[in-house]
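Structure, as structure tokens:
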Amino acid sequence: MDGQHWRAVITAAQAGDRRALDELVEGWLPLVYNIVGRALNGHADVDDVVQETMLRAVGNLGSLRDPDSFRSWLVAIAMRQIRDRARRRTPDRLEEAPASDFAELTVLRLQLEGQRREVAEAVRWLDDEDRHLLSLWWLEVAGELTRRELAAAVGITRQHAAVRVQRMKERLETSRGIVRALDGACPGLREVTGRWNGRPDSVWRKRLARHLRGCGYCGGTRETVVPAERLLAGIALVPLPVGFTLSLALGGKTAAAAASAAASAGWSAKLLGALTKPAVAMTAGATIVAGGAYVVTQPPDAPPPRAAVTPTATAGSAAPRTSAPPAPAPAPKSSPSATKKTDPYGTVVDAVDRAPDPNARPAALPRRPESGITSTGGPKAVMQHRGDHVTLTGRGYVLVRWQISPGSRPGALVMPSWTGLKGRLFHVASGGSRRMDDPLPGAPNGYATGMGGPDIGYAVLPPGTQQMWQNEYFYLDGTVTLTQNERGCDYGLIVFPTDRDAVVEDIGQGPPQGAIRYGLVRDTGTDSAPVPQYVTRATPADPATVPQRSRV
């Protein structure tokens with residue numbers, strides 16, 4: 001999440017701006033819901049604890065002196081409510097089963113399989129204290145929290161937090177082994193569990209762990225075990241259930257009573273409508289920091305990353321270059337006459353390329369028919385959060401402007417994706433006066449380039465991904481949805497329907513006008529113009545799983 005944006009929102013909310021308060025609650029409710037849901041494993045008290053956390057945060061927002069500390073402050077409130085709930089439990093409620101098992105919810109809502117399913121289910125076997133800590137560590141490895149915020153929320157030092165996390169990880173690995181063994185066919189294990197009631201607890205965890213240590217069948221691993229932190233990095237936020245907030249704010253009242261109850265409770269109609277919209281589940285790879293190195297993880301079913309492409313000019317680009325010419329396309333395996341035909345649409349896809357010389361003027365931008373683009377986000381769609389999306393329809397040009405914020409959170413970029421494409425989509429030009437990896441004069445606020453700097457860390461592109469410019473221009477003839485898939489490094493997108501004249505004006509601004517470099521034309525005017533990476537005609541449940549190599 002963009003730190004500067006949230007500072008402004010928090011400040012406005014403290015000053016009484018209702019819209020800012022709506023946005024604040026809407027933006028941070030999924031984080032609180034996941035912390036509480038995992039800590040309590042979906043117990044019936046989850047709704048009450050989430051409600052109390054958000055109400056206390058809103059009620060005490062004026063006491064927050066530093067907006068930059070809002071996230072750690074909010075998480076600390078959530079953990080305090082979780083601990084208070086544990087102290088309030090009466091003996092007759094200690095054995096209550098979860099109303100909606102959060103481990104099962106995680107598996108089903110995020111469609112987890114293999115070792116990711118295994119680690120999500122292993123959470124059931126942890127004690128309350130470990131599960132509370134895991135609810136924070138889970139988000140730490142996914143880049144949603146820092147270790148400092150984790151330690152502050154638990155009320156211990158960072159050194160003590162490291163020890164606690166290590167012990168919790170050991171018990172989690174034991175629990176993973178139990179889940180794996182219970183899925184097996186060990187006859188000795190069936191005998192051990194003959195009197196087990198099927199509900200995980202610490203006593204049975206110890207009994208089953210003893211069996212695993214002495215059993216050659218259960219102890220033998222039949223596949224490489226991926227460290228839990230790498231698996232958890234891809235299972236960050238479970239979507240809010242539809243209707244969650246209406247039940248939360250209105251106490252389950254009927255629709256007829258909702259309007260008056262919302263007004264009296266202080267919840268605006270906009271807020272209620274926004275919060276009942278499910279968040280987008282994320283299962284894509286992320287970057288975590290381990291021993292000072294960035295580690296990029298991917299879902300088990302994702303295609304292996306392509307080897308880094310030797311920098312060349314983009315295939316099909318008409319812009320003048322001072323760098324190496326484009327690599328020739330592979331010859332088609334067909335009759336000789338086929339080589340004379342234009343490549344069919346979708347065979348030329350964006351690839352890694354070199355930046356042109358700063359003083360190289362762009363080629364002429366070919367003319368394509370324009371009837372205008374309509375956008376569900378209006379004339380300016382701002383997408384700051386994971387899952388934000390906009391659907392574009394029509395025939396014309398679209399500007400996607402990048403805002404990368406490694407100063408808030410560096411790491412791997414999980415790229416935005418284009419889904420549900422009907423028609424054609426081309427990448428026609430790049431502008432905005434610079435590529436995002438160009439050196440920035442004066443390196444403000446620790447930035448050496450638009451991708452970050454040594455003082456704040458860098459945004460890291462997936463191998464084989466084309467380096468973006470500040471402004472990227474696309475031509476659409478049909479309809480498509482663009483989704484912001486933020487994971488790891490913090491970034492935002494602004495999407496504007498535009499026209500050819502505005503594109504030409506932007507890319508024509510060069511060093512003489514104070515820009516770092518002229519823009520770049522990529523459009524050939526034919527179907528051999530490059531297709532963006534991360535495009536599909538499908539509509540996957542998780543847009544972040546769209547492969548890099550577009551096939552449309």
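The values are calculated or read from the model by the stated rules, or taken from the named source; none is laboratory data. Given the structure is predicted, the values throughout are model-derived calculations rather than measurements. Neighbour counts run over all protein chains shown; Cβ positions are idealised from the backbone, glycine included. Calculation scope for accessible area: heavy atoms of the full protein, side chains included, ligands and nucleic acids excluded. Shrake-Rupley method; radii C 1.70, N 1.55, O 1.52, S 1.80 Å.
Couple of notes before you dig in:
- Theoretical gain in end-to-end length, residue 354 to residue 203 [0.36 nm per residue, Cα-Cα removed]: 48.3 nm
- Between residue 163 and residue 12, the FRET efficiency estimated from the beta carbon spacing at R0 = 45 angstrom works out to 0.65.
- Once the Cβ-Cβ distance of residue 539 and residue 127 is raised to the sixth power relative to R0 = 45 Å, the FRET efficiency obtained is 0.65.
- Length gained on full extension, residue 422 to residue 190: 78.2 nm, using 0.36 nm per residue less the C-alpha separation.
- Surface composition of region 467-546: carbon and sulfur make up 48 percent of the accessible area, probe 1.4 Å.
- FRET efficiency for residue 527 and residue 455, using Cβ-Cβ distance with R0 set to 35 Å, rounded to 0.05: 0.20
- Here the gap between residue 19 and residue 173, fully extended at 0.36 nm per residue and compared with their Cα-Cα distance, gives a gain of 51.0 nm.
- Separation in nanometres of the label points that stand 7 Å from Cα toward Cβ, at residue 494 and residue 183: 4.6
- With all protein chains modelled, accessible area of residue 542 [1.4 Å, Å²]: 20
- Between residue 65 and residue 501, the modelled label-to-label distance comes to 5.5 nm, taking each label 7 Å out from Cα in the direction of the beta carbon.
- Accessible area (Å², per residue) of region 423-552, counting only protein heavy atoms and a probe of 1.4 Å: 33
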